[in-house]
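Only one structure is covered here, and it is reproduced in the block below.
The values are calculated or read from the model by the stated rules, or taken from the named source; none is laboratory data. No experiment lies behind these values; they were computed from the predicted model shown. Glycine also receives a Cβ, built like all others from the backbone with ideal geometry; neighbour counts cover every protein chain displayed.
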Amino acid sequence: MIYLVRHGETELNVKRVLQGRSDYPLTETGVAQAQEVAKWFRDQGIAFDRVYSSPLVRATQTARIIVGDDMEITPEPRLIETDYGPYEGCSLSNPAPELRYFFEDFINHPAPEGMEQLPDVIARVGEFLEELRDEPGTILLSTHAIALKGGLEYLMPESKGQWWNTFVSNCCVFRIDRE
């Protein structure tokens, strides 16, 4: 079993800003969200054999809260958030016209120049998921909304892009059954 979790809330999530690869820690609310997820996993009797995390602090902090101090967390760069390039730090309330155009139809509109393309996100996350396919045990992946969606798109190509338009809240958990 593989569990994917999006990191807890950060200051830039609250401000509705494209965070991308900016490295912000969790807010108090984000810490509480991760603690709630940790409790849910414990209540379900779910323990992890391995933990991988995006190298960004918000994802590693989320993973650490979920699994505690005694478990090793392996940084995995393919789980990092999308590179928004020159759009990192842009307001989601009033995005640049080319960003608004992209957001209107993720499937048919390519990402603006300088921003990582969604097929590249799918490929890098998918490559990592393939490496995990035959690994035994229960695995936790702590990541970001777009990377998580890229993984779901990789695993379910028949969705034809539906995951790009799905809201993934902070500390949302997805389970992948490898059987």
Filter result for the condition that a residue is in contact (Cβ under 8 Å) with a residue 40 or more places away in the chain, at positive phi and surrounded by 13 or more Cβ atoms within 10 Å (Cβ to Cβ), over G8, G30, G20
G20
If I filter the range 162-175 for residues that are within 26 Å of P86 (Cα to Cα), surrounded by 13 or more Cβ atoms within 10 Å (Cβ to Cβ) and touching a residue at least 60 places away in the same chain (Cβ under 8 Å), do I get at least one hit?
yes
Answer yes if at least one residue in the range 166-173 is of a type in the set (A, V, I, L, M, F, W, C), modelled with pLDDT under 90 and within 14 Å of the chain's Cα centre (by Cα), and no otherwise.
yes
Can you tell me which of R6, R16, R21 is in contact with a helix residue (DSSP H, G or I) (Cβ under 7 Å, 6 or more places away or on another chain) and closer than 28 Å to L92 by Cα?
R6
Among helices (runs of 4 or more DSSP H) entirely inside the range 4-68, those with 1 or more residues being farther than 27 Å from E135 by Cα are 11-14, 28-43
Extreme residue, surrounded by the most Cβ atoms within 10 Å (Cβ to Cβ), among residues of the range 70-88 that are in contact with a Ser or Thr (Cβ under 8 Å, 6 or more places away or on another chain) and part of a loop (DSSP other than H, G, I, E, B):
E81
Run down Q35, Q61 and say which single residue is without any contact (Cβ under 8 Å) to a residue 40 or more places away in the chain and either polar (S, T, N, Q) or surrounded by 15 or more Cβ atoms within 10 Å (Cβ to Cβ) (or both).
Q35
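Please pick out the residue among P55, P110 that is surrounded by fewer than 19 Cβ atoms within 10 Å (Cβ to Cβ) and at pLDDT below 95.
When all the criteria are applied, what remains is P110.
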Just wondering, is there one or more residues in the range 115-126 that are touching a residue at least 24 places away in the same chain (Cβ under 8 Å) and at positive phi?
no
Can you tell me which of V67, V5, V31 is of a type in the set (A, V, I, L, M), touching a Gly at 6+ places or on another chain (Cβ under 9 Å) and at pLDDT 95 or above?
V31
